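Undergrad: For reference, the structure I am asking about is given below.
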Amino acid sequence: QVQVVESGGGLVQPGGSLRLSCVGPSWLFSIFTMGWYRQAPGKQRELVASITGVGSTNYADSVKGRFTVSRDNAKNMVYLQMNSLSPEDTAVYYCNRNPAVSTFWGQGTQVTVSS
């Protein structure tokens, strides 16, 4: 089991911002395309943002213009800056390779958007 650790979630009001972080092994984070996924209650896990090893990014339509994914290969870190959050963004957020590998899932970090 690969240890991937997400952090930075919490409770935020609508319109607020959060920055999520993910750390893992260097062989994973320095080369592969990484993704941020989320799973809301009663829904399937979905990919919301991805970033290649050289920094090219892609976003789901639901977060485009609000979320920004970045990475620091030297620190084995991937980040997700989330702005203009809405209650629909409430979910557990995970990072993994893109495409995801089943043994790479971490515990995730809970993001709750509520007034």
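Undergrad: Based solely on its DSSP helices, what 222 nm [θ] is calculated for the chain when runs of n ≥ 4 H residues each add -39,500 (n - 2.57) and the sum is averaged over all residues, nearest 500 deg cm²/dmol?
TA: Mean residue ellipticity, 222 nm, calculated: -500 deg cm²/dmol.
Undergrad: Can you give the charge dipole size of the chain about its Cα centre, rounded to the nearest 20 debye, using +1 on the beta carbon of Lys and Arg and -1 on the beta carbon of Asp and Glu? Walk me through the numbers before you get to the answer.
TA: Working: 9 positive and 6 negative charges, 23 e Å.
Dipole magnitude for the chain comes out near 100 debye.
Undergrad: A follow-up question, please. So how much accessible area does Glu46 have, in Å² to the nearest 10, using a 1.4 Å probe?
TA: 70
Undergrad: For the stretch 15-30, just list the computed ³J(HN,Hα) in residue order, Karplus coefficients 6.51, -1.76 and 1.60, θ = phi - 60°, integers in Hz, with x standing in for Gly and Pro.
TA: Karplus-based 3J(HN,Hα) across the stretch 15-30 equals x, x, 9, 9, 10, 8, 10, 9, 10, x, x, 4, 5, 8, 7, 8 Hz.
Undergrad: Which is the longest part of the chain that has none of the trypsin sites (Lys or Arg not before Pro) sitting in a DSSP loop with at most 12 other Cβ atoms within 10 Å?
TA: With a cap of 12 other Cβ atoms within 10 Å, the longest stretch comes to 65-115.
Undergrad: Could you work out the relative contact order of the stretch 38-85, using alpha carbon pairs under 8 angstrom and six or more residues apart, expressed as a whole percent?
TA: Rounded, it is 25 percent for the stretch 38-85.
Undergrad: Could you tally the net charge around Asn76, taking each other residue with its Cβ under 15 Å from the Cβ of Asn76, Lys/Arg +1 and Asp/Glu -1?
TA: Net charge in that neighbourhood comes out at +1.
Undergrad: Please compute the length gained on full extension between Asp72 and Ala40, using 0.36 nm multiplied by the number of residues separating them and subtracting their Cα-Cα distance.
TA: 8.8 nm
Undergrad: Using the heavy atoms of the protein chains and a 1.4 angstrom probe, tell me the accessible area per residue for the chain in square angstrom.
TA: 51
The values are calculated or read from the model by the stated rules, or taken from the named source; none is laboratory data. It should be emphasised that the depicted structure is a prediction, and the values quoted were computed from it without experimental measurement. Glycine gets a Cβ as well: all are built from the backbone with ideal geometry, and neighbour counts include every protein chain shown. When the accessible area is computed, the model is the full protein with side chains, heavy atoms only, and any ligands, DNA or RNA have been set aside. Shrake-Rupley method; radii C 1.70, N 1.55, O 1.52, S 1.80 Å.
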